[in-house]
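First up is the structure itself, then whatever we jot down about it.
The values are calculated or read from the model by the stated rules, or taken from the named source; none is laboratory data. Nothing here was measured: the structure is a model prediction, and the numbers come from that model. Backbone-built Cβ (ideal geometry, glycine too); neighbour counts: all protein chains shown. Calculation scope for accessible area: heavy atoms of the full protein, side chains included, ligands and nucleic acids excluded. Shrake-Rupley method; radii C 1.70, N 1.55, O 1.52, S 1.80 Å.
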Amino acid sequence: MSKLNLRKTAYSVEEIFHEGGPAPANPLRRAAALAIIENPFAARYEPDIQWFMEDLKPLGLQMATRLVELLGGADHIEGYGKGAMVGEAGELEHGALWHAPGGYAMRELLNDSNAIVPSSKKVAGVGGRLDVPITHINASYVRSHFDSMEVGLNDAPKANEMALVLVMSTGPRIHDRAGGLAAKDIKGEDGLR
């Protein structure tokens, strides 16, 4: 039986036009989805928690679908990441349950996504903030797409909650010039290069 109790969702989109240099032809767009849910394991140690990942799968797909829509379709997405903030009555391992449901939801919608979805998680109080890492969807070593998006809400996560996060972006950092593997040189064989 599902233990998913969703309190609220929040979606945001950033458009970055420049970072002090010339404006690119198209601004970089980054979008974040947050879902605030009750933590069914709060305030106790529970040895058997893996079953909850199944309950999270529909939520992950809902959030990923909305992000793709906000950014104009799957063919516009070049970067992704995920994260979780666990309220103070929970433990870090509860946030780890989001890895598969959140990551696979995005990869399901982004047909050519070979790279592992980077992630971050922490235990946080109400109003906590999380830097969610972003990398290229097909090759983790594409340096131009190493990025992050800070997320958080003023009323979450409460002690018995978790804030689950997905992030997507439409391209490299504005004015990227740090070198390394370029997106045009991806071989796409292993998700790394």
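Here is how the numbers come out for the structure above:
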read-out: Degrees, to the nearest 10: 52-70 long Cα axis against longest axis of the chain; value: 40
read-out: Phi-based couplings in Hz for segment 28-42 (Karplus 6.51, -1.76, 1.60; Gly and Pro marked x); value: 6, 10, 10, 10, 10, 10, 10, 10, 9, 10, 6, 8, x, 10, 4
read-out: Per residue value of the accessible surface for the chain (all protein chains in place, 1.4 Å probe), Å²; value: 49
read-out: Per residue, the convex hull volume that the Cα atoms of segment 121-193 enclose (Å³); value: 105
read-out: For Lys8, distant residues with modelled amide H under 5 Å away; value: Ile36
read-out: Model label zone, Ala43; criterion: amide N under 17 Å from point 7 Å along Cα-to-beta-carbon; scope segment 87-126; value: 87-91, 126
read-out: Accessible carbon and sulfur surface of the chain relative to its total accessible area, %, 1.4 Å; value: 49
read-out: Chymotrypsin sites (Phe, Trp or Tyr not before Pro) restricted to segment 4-51 and DSSP loop, no more than 12 other C-beta within 10 Å; value: Phe17, Tyr45, Trp51
read-out: Glu54 paired with Leu70, simple spin-label distance in nm, labels 7 Å along Cα-to-beta-carbon; value: 3.0
read-out: Cubic angstrom per residue, convex hull over Cα atoms of segment 1-128; value: 125
read-out: Helix 99-109 vs. the chain, principal-axis angle (Cα, 0 to 90°, nearest 10); value: 40
read-out: Value of relative contact order over segment 1-50, rounded to a whole percent, pairs C-alpha under 8 Å and six or more apart; value: 42
read-out: Helix-derived mean residue ellipticity, 222 nm - over the chain, DSSP H n ≥ 4, -39500 (n - 2.57), to 500; value: -5500 deg cm²/dmol
